[in-house]
Every structure is written in C-alpha cells, then in structure tokens.
Amino acid sequence: MKNGLELMIGVDVFTLLGLFRKAAIYKGLEFHESIMSISSPIKMYELNNRLLTFLATRNIKRQDRPDCGNEIFTLIDENPQDKVPGWAPSNYWNFKLSEAKNMFDLQVMISVSFDLNLEKRGIVLIPKASGSFVSPTDLLSNFRMFKALVESDNNAPVVAKELAASDGSIVVLWTDLGLGGIRKLSHLFLEFAGENRAILELGRDGKIFNPSPNFHKSLDLNYERFITERAQPKLFQIWRTQLEEYRSSLLV
C-alpha cells in the first residue's frame, strides 16, 4: 500500500501460528514448529514402580491385554468419562515391549496444545500426556495423567504445576501478550461492510481488498489474520481506499 498504509506482520498483523508462539514464549514453553499447535515436551517421565503405584491411586491402572499376549502394556483411566454418543472413550495408553531392552517402553511426555478462544479473549493451553506408542485423545484422561505426574514431582516446571492446579486448561489473555483489543480480520471486514451485501460479495470474491477478509475456512494456521487494535483504523482506511479505487474504475 502507498502513503504509509502498510500493515506489518508481527506488529500490526498476527497469524494464529504467531499467536500460539507468543503464548508459548509467555509461559516459558518452547513452540513445536513442526507440529505447530503443540508445545515441545515440557518433561518426560519414566513410569517406574513408584509412579505406577501413584497412578493407581488416581485410578489410572494397568489392564491385562490377553489379545496382545505379552507385547503390550496398557494403562487405562478408570475414572468416569465424558460420554459421546456413538463413540467409545479414548482413555488408555499402550506401551510396546522393547526387544532390545527386554522391557516395556513406559515413557509419558507431558506437553500442551494450543487453541484459540475468542470468548475467553486469548489462547487456551490444554494439557497433553503422550505415551510412547498409543495415547488417548480424550481431554479428561490426558489431564488426569498430566496432573498425576506433575503432582508426584516436586521439580515439575512452574507452567506444569499451574496447569495441574487448573480445571483442565489455562488461558493466556490478549492483554497478557500486550495485544488487548486484537480482532480477527474477517470479523473486522463484516464491521466494515455493515449491511452492504455488494461489499460483502466483493470481500468474498477476494480480488478487490488486500488484505483479503479470508472468509474461507482453512486448517492452515497461517491463513487467518488477526489485527491489533492500534492498526484497525489503518486497516479500515486501506479497505476504504481500495473500495473507492474500484468504484472509480467502474466509471472509466
């Protein structure tokens, strides 16, 4: 854009990936660049007899697997689960037998996944507890394993203790990141267009406005844009100028 109306990535504009990264840094976590929505491991736990005994007190217990012979070690979360119609609970960890060591690979890595929550005004950090082979997807079981391991560990990192003491997640607020008032670009375009259907259609077309409103959903964490409060008036000015230029071109 001309006349100093450029929006700068990382200053005026953030991707969802960029926001996840900022939330990770704020909590002292390393961001897992290859998986993107998950932190690097916070800590790895070897499930020795002491830890297995402790987990059993939290109703995370070994279950015999006659179908697998002696090749699989299974821990199951026997606590009540959230029931989803048509779905069985995903509440167990499978560990394989290591032939080289002649023992089960009983390792659990704790980390966090990141999610956007506009109602909570920030990035949500959700505990994960991943085993060395098969791990549960249910949030409750992940949290229960995470909580038990951290509470058994006096040397657990601060962020892990904070998550373990939570109700299953914590939120890094926009204000924590110095981004109070940040909003989705697509939501700002709806405000810009108001009730004007013609402008909305031009936004959906994707040819007039730059940056584009990005109405189409995508799994790419770099796709959606978020605009800082300070830059929002500039964005409206950019779109207004582009709309006027488009209207003028129709008169030629």
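Test PHE143 against the stated conditions and say whether it is part of a strand (DSSP E or B) and open to solvent by less than 70 Å² (accessible area, probe 1.4 Å). In short, no. Are there helices (runs of 4 or more DSSP H) fully within segment 152-252 with at least 3 residues that are at pLDDT below 95? List them. It comes to 185-193, 197-205, 232-251. For segment 136-159, a tally of residues being hydroxyl-bearing (Ser, Thr, Tyr) and in contact with a helix residue (DSSP H, G or I) (Cβ under 8 Å, 6 or more places away or on another chain) returns 1. The set of residues in segment 166-211 being open to solvent by 80 Å² or more (accessible area, probe 1.4 Å) and under 19 Å from the mean Cα position of the chain (by Cα) consists of ASP167, THR175, ARG183. Taken together, LEU52, LEU125, LEU75 contain a single residue that is under 25 Å from ASN155 (Cα atoms) and more than 28 Å from the chain's Cα centre (by Cα), which is LEU52. Checking each residue in segment 131-140 for being surrounded by fewer than 20 Cβ atoms within 10 Å (Cβ to Cβ) and in a strand (DSSP E or B) picks out only VAL134. Just to be sure, is ILE126 touching a strand residue (DSSP E or B) at 6+ places or on another chain (Cβ under 8 Å), within 21 Å of THR53 (Cβ to Cβ) and either open to solvent by 40 Å² or more (accessible area, probe 1.4 Å) or not in a helix (DSSP H, G or I) (or both)? Considered against the rule, which asks whether it is touching a strand residue (DSSP E or B) at 6+ places or on another chain (Cβ under 8 Å), within 21 Å of THR53 (Cβ to Cβ) and either open to solvent by 40 Å² or more (accessible area, probe 1.4 Å) or not in a helix (DSSP H, G or I) (or both), ILE126 comes out as no.
For segment 49-64, the set of residues classified as in contact (Cβ under 8 Å) with a residue 12 or more places away in the chain, open to solvent by 40 Å² or more (accessible area, probe 1.4 Å) and not in a helix (DSSP H, G or I) consists of ARG58, ASN59, LYS61, ARG62, GLN63, listed by residue number. Filtered by the rule that a residue be more than 13 Å from the chain's Cα centre (by Cα), surrounded by fewer than 20 Cβ atoms within 10 Å (Cβ to Cβ) and either of a type outside the set (D, E, K, R) or farther than 14 Å from SER130 by Cβ (or both), segment 28-44 gives GLY28, GLU30, SER34, PRO41, MET44. Please go through segment 102-123 and pick out each residue that is more than 30 Å from ARG183 (Cα to Cα) and not in a strand (DSSP E or B). Within segment 102-123, ASN102, ASP105, LEU106 meet the criteria.
Within segment 65-92, being at pLDDT below 80 and either closer than 17 Å to GLN107 by Cβ or part of a strand (DSSP E or B) (or both) holds for VAL84, TRP87.
The values are calculated or read from the model by the stated rules, or taken from the named source; none is laboratory data. The shown structure was predicted, so the numbers you read here are calculated from the model rather than taken from an experiment. When we count neighbours, we look across all protein chains shown, and the Cβ atoms used for this are built from the backbone with ideal geometry, even at glycine. The area values use the complete protein model at the heavy-atom level, side chains included, leaving out ligands, DNA and RNA. Shrake-Rupley method; radii C 1.70, N 1.55, O 1.52, S 1.80 Å.
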